[in-house]
Amino acid sequence: MSVQVKDMVLDKLAVGPVPARVYQGAEYAKGPPVVLLFHGGAFAQTGLIDSQVADCLAGTGAIVVVPDYNAPLGPVFPSPLEVGFAIFSYLSRKRAGLGDRKSLLLVAGEEAGGNIAAGIALKARDYHANELDGQVLLSPLLDPFMGTGSIREAEGIGMERRWSEGWSQYLSGGKCHPYAAPRLCSRLAGVAPALVVSAQDDPLRDEGLGFAQSLQEAGVHVCRHVLPPGLGWSSIYGGDPGAPPTWQQELALQFAAFVKHIGSRPEVAKPD
């Protein structure tokens, strides 16, 4: 499916206007899922970017909104989370002309954006009940201690120092709230169903899978998928994959299956 891309400004938010890039399949069906996708960049990236992940998800028929979430208030917690939650809250009420009231609403994120998405899912559980239908976490950056076995492999793709500096900046406001470091959160019951995707050669594999296991133990429906090595998965967050990325088809299949599953759950049915 061909994908159309347009830039827009989300201008009716509690935090002020936020630029966003919207990806939409040219032949999307009625009631397409709306995905609020947070880009990676080790908590520091600003500006509208071209997103391979957004293009991939939109190719399945979704409408994907990628906001410049660090721009309005800065990259230090809780500012990015507040911006992201303001956008989520607006989409949950109005959809901003994207999709319709029967559209599923999901948050998604790559790397540091996966942290923001997971934090919003926790806050949505606490404040918005059933408004969030699902969360898609793609190699989420969740644990500031960076002590997993797989993350020690990060040196080979040039990311370990970048992540360490990113965490230092993100938490420089002096807060390590569970919304800021979801891997350390001890209260996970009741959050939205999750799709967690990583790869065998992904340094963030262990913390993502560990979080998925904790969600599952808390009674959350979780779909976990680990891509085989050599598909260039680390390219989603700027790592050096060593070869052209070929993960798109597999991610599209996993995402489509996840959307189909959560769409069949009676508790996420949308009112007319």
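Worth a mention:
- Each residue in region 168-181 was checked for being in contact with a Leu (Cβ under 8 Å, 6 or more places away or on another chain) and under 17 Å from Val83 (Cβ atoms), and 2 pass.
- Selection of region 9-57 for residues being more than 22 Å from Glu111 (Cα to Cα), hydrophobic (A, V, I, L, M, F, W, C) and surrounded by fewer than 15 Cβ atoms within 10 Å (Cβ to Cβ) yields Val9, Ala14, Ala26, Ala29.
- Filtered by the rule that a residue be free of Cβ contacts under 8 Å to residues at least 12 places away in the same chain and among the polar types (S, T, N, Q), region 162-219 gives Ser168, Ser186, Gln213, Gln216.
- Against the list (1) outside any loop (DSSP other than H, G, I, E, B); (2) of a type in the set (Asp, Glu); (3) touching a residue at least 12 places away in the same chain (Cβ under 8 Å), the condition Glu155 fails is (3).
- Residues in region 77-118 that are among the small types (Gly, Ala, Ser), touching a residue at least 12 places away in the same chain (Cβ under 8 Å) and farther than 21 Å from Gly47 by Cα: Ser89, Ser92, Gly99, Ser103, Ala118.
- Test: Tyr90 is touching a Leu at 6+ places or on another chain (Cβ under 8 Å), part of a loop (DSSP other than H, G, I, E, B), surrounded by fewer than 24 Cβ atoms within 10 Å (Cβ to Cβ) and not polar (S, T, N, Q): no
- The criterion of being within 26 Å of Asp55 (Cα to Cα) and at pLDDT 95 or above does not hold for Ala218.
- Residues located in region 40-60, provided they are of a type outside the set (D, E, K, R) and either in contact with a strand residue (DSSP E or B) (Cβ under 6 Å, 6 or more places away or on another chain) or outside any loop (DSSP other than H, G, I, E, B) (or both): Gly40, Leu48, Ser51, Gln52, Val53, Ala54, Cys56, Leu57, Ala58, Gly59
- Matching residues, region 58-68, being more than 11 Å from Leu36 (Cα to Cα) and either surrounded by 24 or more Cβ atoms within 10 Å (Cβ to Cβ) or acidic (Asp, Glu) (or both): Ala58, Asp68
- Region 229-245 residues that are at positive phi and surrounded by 19 or more Cβ atoms within 10 Å (Cβ to Cβ), paired with ones that are at pLDDT below 95 and assigned to a loop (DSSP other than H, G, I, E, B) (beta carbon under 7 Å, 6 or more apart): Gly232/Pro241; Gly232/Ala243; Gly232/Pro244; Gly232/Pro245
The values are calculated or read from the model by the stated rules, or taken from the named source; none is laboratory data. From a predicted model like this one, the values you see are computed outputs, not experimental measurements. Virtual Cβ from ideal backbone geometry, glycine too; neighbours counted across all protein chains shown.
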